[in-house]
Each structure stands twice: as C-alpha cells, then as structure tokens.
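I have placed the structure first, in the form of structure tokens, so that the comments after it can refer back to it.
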C-alpha cells in the first residue's frame, strides 16, 4: 500500500530505479493490533504480468501478502519476507492470527530483518536462522545530511550549538510508548 493510517510518509515512486507497479487497494488500520490490513485487487494479475524471480513482502496476514506468497510458490519464484516486527511491537500474540503468522513465516524462502530484535522475532515465529539476513532500518540520510550542512552554514550556528550538550542524539521514528521513546 502506498499509504497507511498510522504512517505519514511520502513515497517518491519516480526515484525507484527498478520495475514496479502499484495496484489499487482498500486499506484498514486496526489500532488495537497496530495492524494495517490491505486488500489489494490485482496483486495476482500484476505478478502474472511481471513474472518476477523473487517476490518480497513486508507483512504476514493481509490478503495481499498471502496472495503474493501463494503466487510465488505456484510459479517456482522465491518469497522473501522483509520484516521489522519485534516481540515488543507485535500485537498478535495468540489465536488464529498468530497461527497464520507462524505458518506464513515458515513458508517463506528467505528473510530480511530491520535489525537483531526483528531477527529474533522471525526465528521465534519459525524462520530458519540461516536464511535470515539482518539489515538495519534506515531513512533518507542524504536529506538529513543536506539539512545538517544547511544548519551548520548559518551565521548563528555556533551560538545555537553552544546551548546543547556536546553529544546529541537524533531520533527518527514514531514517538510511541511501544517504541520505548
């Protein structure tokens, strides 16, 4: 989905340097589970048109992800789950949705996690640890670099900087309790 109710991002599709398409969707946000539920009509036909060697998905139990994984299995393509969920962020802890999540994870061919906690969560859900690549969750650092240079070039930068401690930490993310911020 290009948008989610609990996220405020702008995706610059023109910057994507790979073949891609966006299919129509109806999206719902289940606040109690912090879960975006996506109904994307056209996923199967888009995959038929693109015929990818590998399908990558960023979630577990929305119909679009299930369709993508099923298509990959039927067409001998790989399916990679790209996940940032951790034990602390997961709201689906039991019942049929938990069962579906575990089954989905076990049926993936490989995994890319945002970090070590996300890797632990994937393994807890049944992922083969040898098939998990642990990455990092990044942002557009070029934009932050540009803004930092712009701030440093201001004549009053030295005076402004003296008001703060020697070491500053920049946090980029959702300022919500479950993130520990």
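Is it the case that some residue within the stretch 104-112 is under 25 Å from residue 44 (Cα atoms) and out of contact with any strand residue (DSSP E or B) (no Cβ under 9 Å at 6 or more places or on another chain)?
Yes, the conditions are met somewhere in the stretch 104-112.
Can you tell me which of 64, 56 is in contact with a strand residue (DSSP E or B) (Cβ under 9 Å, 6 or more places away or on another chain) and part of a helix (DSSP H, G or I)?
64
Take the residues of the stretch 130-151 that are surrounded by 11 or more Cβ atoms within 10 Å (Cβ to Cβ) and at pLDDT 85 or above: which is farthest from residue 107 (Cα to Cα)?
Here the answer is 151.
Can you confirm whether the stretch 82-92 contains a residue that is surrounded by fewer than 20 Cβ atoms within 10 Å (Cβ to Cβ) and touching a strand residue (DSSP E or B) at 6+ places or on another chain (Cβ under 6 Å)?
Yes, the stretch 82-92 has at least one match.
Taking the stretch 123-151 on its own, how many of its residues are more than 15 Å from residue 56 (Cα to Cα), in a helix (DSSP H, G or I) and either in contact (Cβ under 8 Å) with a residue 24 or more places away in the chain or touching a strand residue (DSSP E or B) at 6+ places or on another chain (Cβ under 6 Å) (or both)?
2
Go through 53, 34 for me and flag whichever is surrounded by fewer than 17 Cβ atoms within 10 Å (Cβ to Cβ), modelled with pLDDT under 90 and either more than 16 Å from the chain's Cα centre (by Cα) or more than 17 Å from residue 132 (Cβ to Cβ) (or both).
Unique residue meeting the criteria: 34.
Does any residue of the stretch 98-110 turn out to be surrounded by 14 or more Cβ atoms within 10 Å (Cβ to Cβ), touching a helix residue (DSSP H, G or I) at 6+ places or on another chain (Cβ under 7 Å), modelled with pLDDT under 95 and not in a helix (DSSP H, G or I)?
No; the residues of the stretch 98-110 include none that is surrounded by 14 or more Cβ atoms within 10 Å (Cβ to Cβ), touching a helix residue (DSSP H, G or I) at 6+ places or on another chain (Cβ under 7 Å), modelled with pLDDT under 95 and not in a helix (DSSP H, G or I).
The values are calculated or read from the model by the stated rules, or taken from the named source; none is laboratory data. It should be emphasised that the depicted structure is a prediction, and the values quoted were computed from it without experimental measurement. In this analysis, Cβ positions are derived from the backbone assuming ideal geometry, glycine residues included, and neighbour counts consider all displayed protein chains.
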